[in-house]
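We did not get these values from a lab; they are worked out from the coordinates using the rules stated. What you see is a predicted model; the values in this text were computed from it and never measured. Every residue, glycine as well, gets a Cβ built from its backbone with ideal geometry; the counts of neighbours run over all protein chains shown.
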Amino acid sequence: MKRILSVMLSSLLASALFAAGPVKLLNVSYDPTRELYQDFNAAFARYWKGKTGVDVTVNQSHGGSGKQARSVIDGLQADIVTLALSYDIDAISEKAKLLPANWQTRLPNNSTPYTSTIIFLVRKGNPKQIKDWNDLVRPGVGVITPNPKTSGGARWSYLAAWGYALRHNNNDEAKSKDFVTRLFKNVPVLDSGARGSTTTFAQRGIGDVLLSWENEAHLGLKEFGADKFEIVYPTESILAEPPVAVVDKYAAKHGTTEVAKAYLDYLYTDEGQEIAARNYYRPRNEKAAAKYASSFPKLTLFTIDQVFGGWQKAQKKHFDDGGVFDQIYQAK
Amino acid sequence: MITTSRTRVLRAEPTWLRRSLIGLALGLTLLFIVLPLAAVFIQAFDKGWQVWQAAVTEENARSAIMLSLMVTGISVPLNLFFGLTAAWTIARFQFKGRNLLLTLIDIPFGVSPVVSGLIFVLVFGAQGWFGAWLADRDVQIIFAVPGIVLATVFVTFPFVARELIPLMQSQGSDEEEAAIVLGATAWQMFRRVTLPNIKWGLLYGVVLCTARALGEFGAVSVVSGHIRGATNTIPLHVEILYNEYNYTAAFAVASLLSVVAVVTLALKKFLEWKTREDNG
């Protein structure tokens, strides 16, 4: 027992030694933001060094949004969380009390420095002629989307389909449920995160259409070649708002509150917004939006507050155990 | 003539059946083991030696390799010590609960690695049994190196003990008793009598233990937190690279693990041969 303890202590000491030197931040994020934060962290480090003379290294951890929130609740000491949807940060506030319940009011635009939406990635030439959400429920169309239980992007996709059905059926809930049920009948496999689904669709060649984050679709196109896939914008979709927050308790403990706040503020600056736009996240800033307008085709975007009355309600009704998604998927 | 007819009698299967069975076994081995292993190396060197080298010396890769070596360096000696103690106790003494101990040692073999990881989250996580106590003392176990070590120790727990118990049981304790009767101290007996008898088996257990410690994915994945450059081991780093569409780099780092596998195999053969030679 003594030996185990001493080993554990020495490894703790080792990690403490590694930690000395530059300021370290840990940004716990969701799956598709890898490339965004790789760019952004470098830019922020330059900015912070210029402003304060202090070196800052930002460590990244990525995974399904729900899973990442769970890890922070279980003790992954993130200074910052940048997740796919506000419900996951609510969970951190509620279950672990690591930040106040009103966290979303602390930064502009509901603490969402960039937005995104859900679009379609199809195979070259669009052989199944998939143009809009109603094409996804046709028999014989294979739809790839991750599991809404674990993936933030999948929850946005699900709600986008539901919202589309509501808006085309005079807000008839029963018809929307039927629509989404038919859509999920066409889903052959549910991966746990957005990246897994992209790989299933692009690498393994399963399905005819991938419901994808806009940024993830553009990245997939870049990685796998525009000769193999093309992007389809539906007539309307949901405005996805991936929020950011400082995890107060951990930042205070690490003495990084100030730099963590500056990190998030920097996302709202011209440079931060440009980096977001370059990585296919829709910027809030009008200057960046105008500059990158050609990357972001206009489509009708409805919000979760308009159609579902916010994340808490949507989560409870659709994604909690025994909720609508469970009913739909079990009925399959 | 006589020998051939005897084999015919002993092996009732017709030649075609024997041949097709051998062919099938060889074919399956080729298909499921040799081919994928070859594919790893082909993919790894797909874009040339330099790309491979860059991938395995890149900062995050280096940190993953260092972490894996460190975790292995801690958990293998621990399990070596534990395995020896347990094997000795079980092979040399009769006591109540001996069978229970034997069964307990086997638990990590039977438990899914994901569950092994979750056990530690449950116990040491912020919401776990000791979460608040540890937080008060500012000790981080889960999502840090100690958690990864614990998970690895747990998963590789049985390897050394399982290797030694049958060996020590079959050898019996006559030689050791003789040594004691002739006036050896316990340590002398262990060093001069026991250790030489079990050394190849012990090394064999250590080799298996090391291979598993370097390669463990599931349990470590649960407790790692996946912080790049800090808590990613080699297998986790491979997964990250793969998920970032960086296939060549993923396979380059995976080729390191494959080399470990091949070396393990070679050592295993060598040690098996040595054990047989010593015992026969």
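Checking the Cα-Cα distances for A:LYS128/A:LYS316; A:LYS24/A:LYS298; A:LYS24/A:LYS67; A:LYS222/A:LYS317 against a 28 Å cut-off, the pairs over it are A:LYS128/A:LYS316; A:LYS24/A:LYS298; A:LYS222/A:LYS317.
The C-alpha atoms of chain A define a longest principal axis, and helix A:86-96 lies at about 40 degrees to it. Find the percent of Cα-Cα distances in chain B that exceed 32 Å, and round it to a whole number. So the portion of pairs separated by more than 32 Å is 43 percent. Rounded to the nearest 10 degrees, the inclination of helix A:152-168 to the longest alpha-carbon principal axis of chain A is 30 degrees.
In loop segments of segment A:99-137 as defined by DSSP, the trypsin sites (Lys or Arg not before Pro) with at most 11 further C-beta atoms inside 10 Å of their C-beta are A:LYS124.
Contact order for segment A:146-304, expressed relative to its length and based on alpha carbon pairs under 8 Å spaced 6+ residues apart, stands at 22 percent. Annotation note: chymotrypsin sites (Phe, Trp or Tyr not before Pro) in segment A:90-150 located in DSSP loop regions with a Cβ neighbour count of at most 11 within 10 Å are absent. Using every pair of separate Cα atoms, the Kirkwood estimate puts the hydrodynamic radius of segment B:110-198 at 16.3 angstrom. Across segment B:161-263 the C-alpha pair distances fall into 10 Å bins from zero in the proportions 13, 29, 20, 16, 15, 6, 1 percent.
Taking a straight line from the alpha carbon of B:LYS96, these lysines sit under 28 Å away, with near neighbours fewer than eight places off in the same chain left out: A:LYS2. The loop-placed chymotrypsin sites (Phe, Trp or Tyr not before Pro) in segment B:107-177, going by DSSP, that have at most 11 neighbouring Cβ atoms within 10 Å of their Cβ come out as B:TRP129.
The mean sequence distance of close C-alpha pairs (under 8 Å, at least 6 residues apart), as a share of the length of chain A, puts its relative contact order at 23 percent. Placing +1 on each Lys and Arg Cβ and -1 on each Asp and Glu Cβ, with no other charges, gives chain A a dipole about its Cα centre of roughly 500 debye. Note on chain B: with a GNM built from Cα contacts shorter than 10 Å, the maximum mean-square fluctuation among B:THR72, B:THR152, B:THR194 falls on B:THR194. The percentage of C-alpha pairs in the protein assembly as shown whose separation is greater than 32 Å is 57%. Taken residue by residue and averaged, Cβ atoms of other chains lying within 10 Å of the Cβ of B:226-234 number 5.
Working note: Cα gyration tensor of segment B:76-232, eigenvalues times five, square-rooted, sorted largest first, giving semi-axes of 36, 16, 15 Å. Computed packing ranks the peptides B:183-192, B:164-173 as B:164-173, B:183-192, most packed first, by mean other Cβ atoms within 10 Å. Size descriptors for segment A:129-243, from the alpha-carbon set: Rg then Dmax equal 13.5, 40 Å. Note on B:137-143: average number of Cβ atoms from other chains within 10 Å of each residue's Cβ is 4.
For segment A:171-179, 3J(HN,Hα) computed residue by residue from phi via the Karplus equation (6.51, -1.76, 1.60; θ = phi - 60°) reads 6, 7, 4, 5, 5, 5, 4, 4, 4 Hz, glycine and proline entered as x. Checking the Cα-Cα distances for A:LYS253/A:LYS313; B:LYS199/B:LYS269; A:LYS131/A:LYS175; A:LYS97/A:LYS261 against a 23 Å cut-off, the pairs over it are A:LYS253/A:LYS313.
Evaluate peptide A:66-79: per residue, the Cβ atoms of other protein chains within 10 Å of its Cβ; return the mean as an integer. Mean inter-chain Cβ contacts per residue within 10 Å come to 5.
Distance distribution P(r), segment A:81-139, all Cα-Cα pairs, bin width 10 angstrom from 0: 18, 33, 16, 22, 12, 0 percent. Over chain B, Cα pairs under 8 Å with separation of 6+ residues give a relative contact order of 30 percent.
Once the gyration tensor of the Cα atoms in segment A:198-332 is diagonalised, the equivalent ellipsoid follows with semi-axes of 29, 25, 17 Å, ordered largest first. Using only alpha carbons, chain A has a radius of gyration to Kirkwood radius ratio (Rg to Rh) of 1.00. Here segment B:224-263 is treated as a sphere whose radius is the Kirkwood value from Cα pairs; by Stokes-Einstein at 25 °C and 0.890 mPa s it diffuses with a coefficient of 237 µm²/s. Value of Rg to Rh for segment A:273-332, rounded to two decimals, is 1.21; Kirkwood radius and Rg both from alpha-carbon coordinates. With the charge dipole of segment A:201-332 set up from +1 on Lys and Arg Cβ and -1 on Asp and Glu Cβ about the Cα centre, the Cα lying farthest toward the positive end among the listed residues A:THR300, A:TYR329, A:THR235 is that of A:TYR329.
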